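Contents: one structure, followed by commentary.
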Amino acid sequence: KPPFGERRTHLTYLSVLRDKALRNSLLGIAIPIALQNLITYMTGMMDTIMLGQLGEVELSSASLANQFGTIFMVLTLGIASGANVLLSQYWGKGDTASIRSILSVMYRVTLVLGVGFTLAGRFFPGHILSVFSPDTALIQAGARYLSIVCFSYLLNGMTNVMLMSLRSVGTVGISIVVYVTSLFANTFLNWVLIFGKLGCPALGIEGAAIATVIARGIEFSIALFYILRMEKKIGYTLGHFFRYDRSFIRDFAVNVTPVILNELAWSLGNSMVLVVMGRMGRDFVTANTITQVATQVVQVFIIGLSNATAVIIGNSIGAGERQRTWDLARSIVVVGAAFGAMAAALMLLLRGPFISLYNVPEATKALTSQVMASAAFIIFFQSHSFIGLMGILRGGGDNRFVLFCEAFFLWGVAIPAGFAAGLWLGLPAPLVYIVLRSDEIIKNIVGLPRIWGGKWIRDVTR
């Protein structure tokens with residue numbers, strides 16, 4: 001029995017995609033976000049390529065050190081993603097005053113988290129690195145990197161939440177400006193500081209960290225200027241940061257806490273994945289580092305579509321269009337499956353050219369090729385996780401169900417099985433990679449019936 005209106009048969013719900021205004025809205029958000037993410041990933045790729053020229057130790061140690069920063073980044077993205085459920089629905093209702101109050105709460109929470117992570121990275125880098133690997137060389141090099149790059153956390157976190165909040169009102173172009181500037185600044189500074197160009201000393205891995213901090217400072221400055229001086233839809237000012245409606249603190253906590261816990265569980269789980277890889281060998285860590293960069297690149301449009309879906313779904317619910325929301329969700333699932341298959345095929349095609357960019361031993365290159373083949377298999381299922389769970393269900397306010405799927409299947413299935421496969425049974429690294437990512441497969445089995453049922457459609461505004 002359909003939850004809304006008439007029953008849809010023979011994929012007639014796909015007719016919702018014939019709406020030109022809807023397609024333009026989806027693509028108008030998805031494409032700029034995809035470009036923004038591609039630019040961001042290219043920045044990370046340039047970091048890994050340049051550090052890879054120094055050797056496998058520098059590349060792997062920076063990757064492990066960045067995992068701590070990734071935990072913070074994922075938390076801030078969780079804050080912004082959870083807040084965007086509220087923001088997009090309030091935007092659908094045209095309530096900008098409520099949007100400003102939610103933004104103030106979001107900025108304050110991000111500020112407190114950023115200070116905490118910065119202090120931890122500055123004063124306890126060696127202890128943090130020792131969690132991920134027992135390799136002394138990796139810990140020593142990574143600690144030098146982490147003690148500097150931690151100063152970029154707060155800047156990057158604030159930039160991310162500012163730019164992500166603009167997505168809820170359909171403003172995405174400024175993100176491209178910010179990240180293109182950062183790409184060129186970071187790449188140029190890496191070249192100067194890592195290798196000692198233009199009369200500067202060759203600082204190696206410390207130079208990469210300094211370049212990252214400066215680039216993040218440039219990002220933050222541009223984003224802050226735009227929010228306070230040029231953005232007109234929301235009309236946020238510095239005064240709103242100190243003066244806002246406190247009644248929204250509870251709404252923020254109720255809707256954002258499950259998303260933060262979701263992202264925390266995922267980021268800590270991903271750290272445990274690296275613990276397994278770090279104990280299986282330095283070459284597996286390097287192979288995973290290269291694979292992750294390639295994965296981000298081939299999935300760039302899928303992530304953009306996921307973000308656009310969350311915004312459009314939220315706007316549609318806020319406008320009271322429940323049947324249209326349900327049809328749109330199922331249509332995007334079908335389209336997303338096609339993009340997932342294309343991303344998997346692209347991963348297989350790009351293996352050779354991508355690996356050739358890195359200065360690593362031949363044995364590591366061979367292992368990386370095998371791991372990337374395993375990643376191609378997982379990417380098809382992971383694409384549904386992005387679009388189905390992060391886009392549709394989270395955009396519809398079904399954050400608790402998403403939290404259950406993300407946390408339970410990762411911590412209850414994938415991580416224990418990965419430890420057993422890699423550290424007890426000694427299975428080959430490509431197979432261990434699939435086991436460690438097996439939660440992506442299970443989430444598809446559980447998530448699709450939830451989307452098709454329609455019970456996730458919730459109005460979370462006042």
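The values are calculated or read from the model by the stated rules, or taken from the named source; none is laboratory data. The structure presented is a predicted model; accordingly, all values stated were derived computationally and were not measured. For neighbour counting, all protein chains shown are included, and Cβ atoms are generated from backbone atoms with ideal geometry for every residue, glycine included. Areas reflect the complete protein model, heavy atoms only, side chains present, ligands, DNA and RNA absent. Shrake-Rupley method; radii C 1.70, N 1.55, O 1.52, S 1.80 Å.
Taking the criterion of being in contact with a Ser or Thr (Cβ under 7 Å, 6 or more places away or on another chain), over 25 Å from Phe68 (Cα atoms) and of a type in the set (Lys, Arg), would at least one residue in segment 219-233 satisfy it?
Yes - at least one qualifying residue is present in segment 219-233.
So, in segment 51-64, exactly how many residues are open to solvent by less than 20 Å² (accessible area, probe 1.4 Å) and under 24 Å from Val300 (Cβ atoms)?
Going through segment 51-64 one residue at a time, the tally reaches 4.
List pairs: first residue in segment 222-242 and in contact (Cβ under 8 Å) with a residue 12 or more places away in the chain and more than 17 Å from Gly170 (Cβ to Cβ), second residue of a type in the set (D, E, K, R) and surrounded by 13 or more Cβ atoms within 10 Å (Cβ to Cβ) anywhere in the structure, Cβ distance under 7 angstrom, at least six positions apart or on different chains.
His240/Arg100
Go through segment 362-385 residue by residue and tally those that are free of Cβ contacts under 8 Å to residues at least 60 places away in the same chain and open to solvent by less than 10 Å² (accessible area, probe 1.4 Å).
Residues flagged as free of Cβ contacts under 8 Å to residues at least 60 places away in the same chain and open to solvent by less than 10 Å² (accessible area, probe 1.4 Å) within segment 362-385 amount to 1.
Please state which one of Thr325, Thr286 is farther than 18 Å from Leu64 by Cβ and either open to solvent by less than 20 Å² (accessible area, probe 1.4 Å) or free of Cβ contacts under 8 Å to residues at least 12 places away in the same chain (or both).
The conditions single out Thr325.
Does Gly320 qualify as being over 30 Å from Ala141 (Cβ atoms), of a type outside the set (A, V, I, L, M, F, W, C) and under 22 Å from the mean Cα position of the chain (by Cα)?
no
Look through Arg394, Arg450 and report the one residue that is basic (Lys, Arg), at negative phi and surrounded by fewer than 20 Cβ atoms within 10 Å (Cβ to Cβ).
That would be Arg450, the only listed residue that is basic (Lys, Arg), at negative phi and surrounded by fewer than 20 Cβ atoms within 10 Å (Cβ to Cβ).
Taking Phe248 as the residue in question, decide whether it is surrounded by fewer than 18 Cβ atoms within 10 Å (Cβ to Cβ) and over 30 Å from Val275 (Cα atoms).
no
Would you say Val259 is in a helix (DSSP H, G or I), at pLDDT 80 or above and buried (at least 18 other Cβ atoms within 10 Å of the Cβ)?
When the stated conditions are applied, Val259 does not pass them.
Which of (1) over 24 Å from Ala120 (Cα atoms); (2) modelled with pLDDT of 75 or more is the odd one out, the single condition Phe72 does not satisfy?
Phe72 satisfies all of (1) over 24 Å from Ala120 (Cα atoms); (2) modelled with pLDDT of 75 or more except (1).
For segment 190-226, how many residues meet the condition of being open to solvent by 30 Å² or more (accessible area, probe 1.4 Å) and within 24 Å of Thr118 (Cα to Cα)?
Result for segment 190-226: 12.
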